[in-house]
Amino acid sequence: MNYKIVEREEIKLVGMTEKIVMPSNAIHYLWENFTKRCDEVDKVINKTICYGVADNMLETNTFDETVAYEVSEFTNIPEGMITKIIPKQKYLVFTHVGAIVGPKGEQFLSKTYENIYSKIIPTLEFEIDNTFNFELYDDRFSHALENSEFDIYVPIKE
């Protein structure tokens, strides 16, 4: 799996968050709930791009998941939604290709993460910030298609 190094400026997000304990399908429901209400978010930079941010990942198999839009400024935050700022940061960016879950429940995305964190990153000379990462979903993404793509951003320390 190839990667690239990208530096991103600060990212302002408005969305919904939930504590996730793996294995769990609660992320799917979080996305459903956000999708139903995403039109309530003001000042969205690009409605074809969504973020899935996993942070507070210091406990095994437990993290906070936020699904959100990037906004230009925080105004009129809908009830039940939160704001989040991801600071300016350098990242290793990996592209997940294919469905997230297979037709028989195969966890393809979990295998991608396992490859990234267990096989690829240990061979690289970067210090990883393990407190968070995020997924960027754009027009390349489709829930079920095997040619679907989205990017996984893994922060690196300077």
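The values are calculated or read from the model by the stated rules, or taken from the named source; none is laboratory data. Here the structure is a predicted model, which means the values were calculated and not measured. Every residue, glycine among them, receives a Cβ derived from its backbone with ideal geometry; neighbour counts consider all protein chains shown. The accessibility values were calculated without ligands, DNA or RNA, using every heavy atom of the protein model including side chains. Shrake-Rupley method; radii C 1.70, N 1.55, O 1.52, S 1.80 Å.
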Exercise. Look through segment 49-89, keep the residues that are within 29 Å of E114 (Cβ to Cβ) and of a type in the set (S, T, Y), and return whichever of them is surrounded by the most Cβ atoms within 10 Å (Cβ to Cβ).
Key: T66
Self-check item: The listed residue being closer than 19 Å to E9 by Cα and in contact with a Phe, Trp or Tyr (Cβ under 8 Å, 6 or more places away or on another chain), out of F94, F74, F132
Solution: F94
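If we scan segment 73-88, do we find a residue that is among the polar types (S, T, N, Q), in a loop (DSSP other than H, G, I, E, B) and modelled with pLDDT of 85 or more? Spell out the reasoning first.
Within segment 73-88, the first condition is being among the polar types (S, T, N, Q), and the residues that meet it are 75-76, 83.
Next, from what is left, pick out any that are in a loop (DSSP other than H, G, I, E, B): 75-76.
Checking which are modelled with pLDDT of 85 or more leaves us with 75-76.
There is at least one residue in segment 73-88 that is among the polar types (S, T, N, Q), in a loop (DSSP other than H, G, I, E, B) and modelled with pLDDT of 85 or more.
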Exercise. Given the conditions (1) in contact (Cβ under 8 Å) with a residue 12 or more places away in the chain; (2) within 15 Å of the chain's Cα centre (by Cα), report the number of the one that F126 does not fulfil.
Key: (2)
Practice problem: Could you list, in sequence order, all residues of segment 107-145 that are acidic (D, E) and either part of a helix (DSSP H, G or I) or surrounded by 13 or more Cβ atoms within 10 Å (Cβ to Cβ) (or both)? | Solution: E114, D129, E135
Quiz item: Only one of (1) open to solvent by 20 Å² or more (accessible area, probe 1.4 Å); (2) more than 15 Å from the chain's Cα centre (by Cα) is not met by G98, so which one is it?
Solution: (1)
Quiz item: When you look at D151, is it under 18 Å from the mean Cα position of the chain (by Cα), assigned to a strand (DSSP E or B) and of a type in the set (D, E), yes or no?
Solution: yes
Quiz item: For I49, all conditions in the list (1) without any contact (Cβ under 8 Å) to a residue 60 or more places away in the chain; (2) in contact with a strand residue (DSSP E or B) (Cβ under 9 Å, 6 or more places away or on another chain); (3) of a type in the set (A, V, I, L, M, F, W, C) hold save one; what is the number of the exception?
Solution: (1)
Quiz item: Exactly one of (1) surrounded by 14 or more Cβ atoms within 10 Å (Cβ to Cβ); (2) not charged (D, E, K, R); (3) not in a strand (DSSP E or B) is unmet by P103. Its number?
Solution: (1)
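Does A68 satisfy the condition of being of a type outside the set (D, E, K, R), in contact with a Leu (Cβ under 7 Å, 6 or more places away or on another chain) and part of a strand (DSSP E or B)?
Numbers: of a type outside the set (D, E, K, R): yes; in contact with a Leu (Cβ under 7 Å, 6 or more places away or on another chain): yes; part of a strand (DSSP E or B): yes.
Answer is yes for this residue.
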Practice problem: Starting from segment 34-45, take each residue that is touching a residue at least 40 places away in the same chain (Cβ under 8 Å) and list its partners that are open to solvent by less than 30 Å² (accessible area, probe 1.4 Å), counting only C-beta distances under 7 angstrom and pairs at least six apart or across chains. | Solution: R37/P78; E40/P78; V41/V14; V41/Y69; V41/V71; V41/P78
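Condition first: more than 19 Å from R140 (Cβ to Cβ), open to solvent by 80 Å² or more (accessible area, probe 1.4 Å) and of a type in the set (S, T, N, Q). Can you find one or more residues in segment 17-32 that meet it?
Scanning segment 17-32 turns up at least one residue that is more than 19 Å from R140 (Cβ to Cβ), open to solvent by 80 Å² or more (accessible area, probe 1.4 Å) and of a type in the set (S, T, N, Q).
Would you mind finding the one in V6, V44 that is open to solvent by less than 70 Å² (accessible area, probe 1.4 Å) and either under 14 Å from T83 (Cβ atoms) or among the charged types (D, E, K, R) (or both)? Please lay out each step first, then the result.
Numbers: V6 fails: either under 14 Å from T83 (Cβ atoms) or among the charged types (D, E, K, R) (or both).
Just one listed residue meets the conditions, V44.
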